[in-house]
Structure formats: C-alpha cells, structure tokens
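Worksheet: one structure, shown below.
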Amino acid sequence: MPQPTPPPGPVYVHGYDDRERERLEDQAGALVSLLHRDTRYPARSRVLEAGCGVGAQTVTLAMNSPDAEIVSIDISPDSVNAARQRLADEGITNVEVHVGDLVHVPFPDASFDIEGIRMPTLAAQLMTAERFDAGVAALHRTASLDGMFSYMFFKGTARVE
C-alpha cells in the first residue's frame, strides 16, 4: 500500500501512515467520555473545528449536535479524505471537511458562531508557538462578534524541523 503524502511545511512527528490513523482513532475514542460526552452545539449554529485530523472526534461532535452545521479543516489532504470517509460511513451529513491551514483559514470574516481547536498539534510539532498565535488571530477574524472560541492545550515536548 502506498504511504500517504505529508502536507508541505512542518512534518507531523508521528507521521501520516495507517498505524498513526489507527492511533488517532483510539485516542479519540478515549477522549470522547472525557471531553465530548456533553458537548452540544445549539441548533443552526455554524461551528468551525480547526485541526480535525482523521475525523475521529468530529463524528462525536456531529452526532451530539445534529442540528448544527460543522465545518472541519485539516492541513493534511490524506487526513481530510479519511475524515470524509469516516463521516460518510457513519451517515453523518451535517459536516463539511476541507483542506485548510489554520494560519490562513479560508473563510470570510465573522462566519462562525463557535470555533474550537485541540492543541496536541503544538506538542506533535505541527506548529511553533508563533504559528499557533497566527492561527488564533486567523480564527478570531472568522468568529462572529458574539461567537465563542475554545481550545484545549496538551503540553508536551515537540521539535520543529
């Protein structure tokens, strides 16, 4: 089986192969009860999930909030394809998944009611602290004036090449 092509820029320390995809799905399964058991977005809210990876947590968010419109982005085309397939396999229709860079969020100003990001990406060497700050600024731009932004930060060691 051919290996997935990593996206340009910083290289994810764990790689993008099938074994890593399986690890991410296992990790998401463990996090469901800790982080998303009671996450519910209001009906008709527009939600941006930045850094969706293979969509393992996206499934839970979408199932918990079937009347919200969720837009998920990830920098890896292979991860986006995996997320799309996972959502299709689950019959989920309230999520759009796009290839997108957190620093250059490809959406108009004030276009989301709720925005969320999980920050293992900082610990997994996907971005530097400066790139994270630029990403938060980009997310601020796309949040509605009365919107909500949340992030979870996982401290860890990282190396950026």
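Observations, loosely collected:
- Qualifying residue in the stretch 45-57 (condition: farther than 24 Å from Leu34 by Cβ and modelled with pLDDT of 90 or more): yes
- Some residue of the stretch 66-81 being in contact with a strand residue (DSSP E or B) (Cβ under 8 Å, 6 or more places away or on another chain) and exposed (fewer than 15 other Cβ atoms within 10 Å of the Cβ): yes
- You will find that of Phe149, Phe154, the residue that is open to solvent by 20 Å² or more (accessible area, probe 1.4 Å), among the hydrophobic types (A, V, I, L, M, F, W, C), in a strand (DSSP E or B) and modelled with pLDDT under 85 is Phe149 and no other.
- Of note, Glu115 does not satisfy the criterion of being modelled with pLDDT of 90 or more and not basic (Lys, Arg).
- Verdict on Arg44 being among the basic types (Lys, Arg), touching a strand residue (DSSP E or B) at 6+ places or on another chain (Cβ under 9 Å) and closer than 16 Å to Glu25 by Cα: no
- Being open to solvent by 60 Å² or more (accessible area, probe 1.4 Å), farther than 27 Å from Glu130 by Cα, touching a residue at least 12 places away in the same chain (Cβ under 8 Å) and touching an Asp or Glu at 6+ places or on another chain (Cβ under 9 Å) is a condition met by no residue of the stretch 23-40.
The values are calculated or read from the model by the stated rules, or taken from the named source; none is laboratory data. Owing to the predicted nature of the structure, the values given are computational and were not obtained by experimental measurement. Please note: Cβ atoms are built from the backbone with ideal geometry, for glycine as well, and neighbour counts cover all protein chains shown. Heavy atoms of the whole protein, side chains included, go into the accessibility calculation; ligands, DNA and RNA do not. Shrake-Rupley method; radii C 1.70, N 1.55, O 1.52, S 1.80 Å.
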